[in-house]
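The values are calculated or read from the model by the stated rules, or taken from the named source; none is laboratory data. Here the structure is a predicted model, which is why all the values come from computation and not from measurement. So basically every Cβ, Gly included, is an ideal-geometry build from the backbone, and we count neighbours across all protein chains shown. We work out accessible area using only protein heavy atoms, side chains counted, and drop any ligands, DNA or RNA first. Shrake-Rupley method; radii C 1.70, N 1.55, O 1.52, S 1.80 Å.
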Amino acid sequence: MMEGSDQEEASSLETTAANLKRAVQYWLDKSTIHIFPRWALFVFVLFVFFLRIYLIQGYFIVAYGLGIFLLNNFIAFLSPLEDPNDDGPGLPSSAKEGKEFRPFARRLPEFKFWMACTRGAATSLVMTFFSVFDVPVFWPILLMYFGVFFFMTMKRQIAHMYKHKYVPVSFGKHKYKDAGVEHGEFGGGMAGSIGGTAR
């Protein structure tokens, strides 16, 4: 008799968890097109985290870990999906190869980049409520080390971009101002020619 109620309770919990997961995924899917509000949410969570760090004057090691995590995700966001160092098809190296439009394919897409950054900032914010993560550390050394690490990593990434001639920003295919519009005597097909011959 007891086993039946335990199984019903377990299946009820599984159903509730599945429904919650489905609801979260539904709202995440709906948010993919809203880029600015998503990033505003991330900036807000990051601001609250740093405000809490400033007011408490602790948890500097958590802030350092978050900085390294965000930097790692940023580098993945800037990197191409296929590494040009690999042997095989890659980015075009001449104007002849590059005539066909190919948008920049990222190793970490924008939505996944936002999701990882927001989860990291929210997790770090939650960690500031547990004293076990408040490791005493001299924060200026951490800040200096992070600055050097950031400089060296970005220098390497920019050198990689320059070497392989890619830009991690794509605004889509180039559109010409008057594409498809005809000007002149026949502007618009045969309509002009019929009027011209009738005179």
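Is there a residue being on the phi > 0 side of the Ramachandran plot and at pLDDT below 90 anywhere in the stretch 145-165?
Applying the first criterion (on the phi > 0 side of the Ramachandran plot) to the stretch 145-165 yields 165.
From what's left, at pLDDT below 90: 165.
Yes.
With at pLDDT 95 or above and under 30 Å from residue 156 (Cα atoms) as the only criterion, which of 111, 74, 69, 36 stands out?
Going through 111, 74, 69, 36 in turn, just one is at pLDDT 95 or above and under 30 Å from residue 156 (Cα atoms): 69.
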Next item on the list: Please give the number of the condition residue 85 fails out of (1) within 21 Å of residue 159 (Cα to Cα); (2) modelled with pLDDT of 90 or more.
Entry: (2)
Check: Is there any pair linking a residue in the stretch 16-29 that is at negative phi to one that is open to solvent by less than 90 Å² (accessible area, probe 1.4 Å), with Cβ under 9 Å and at least six apart or on different chains, and which?
Finding: 28/111; 28/115
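Regarding residue 45, is this residue touching a residue at least 24 places away in the same chain (Cβ under 8 Å), closer than 18 Å to residue 111 by Cβ, open to solvent by less than 90 Å² (accessible area, probe 1.4 Å) and β-branched (Val, Ile, Thr)? Working first, answer last.
Values: touching a residue at least 24 places away in the same chain (Cβ under 8 Å): yes; closer than 18 Å to residue 111 by Cβ: yes; open to solvent by less than 90 Å² (accessible area, probe 1.4 Å): yes; β-branched (Val, Ile, Thr): yes.
The answer is yes for residue 45.
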Note to self: So, in the stretch 132-152, exactly how many residues are open to solvent by less than 70 Å² (accessible area, probe 1.4 Å) and assigned to a helix (DSSP H, G or I)?
What the structure shows: 4
Check: Which of the following residues is assigned to a helix (DSSP H, G or I) and within 20 Å of residue 113 (Cβ to Cβ): 62, 45?
Finding: 45
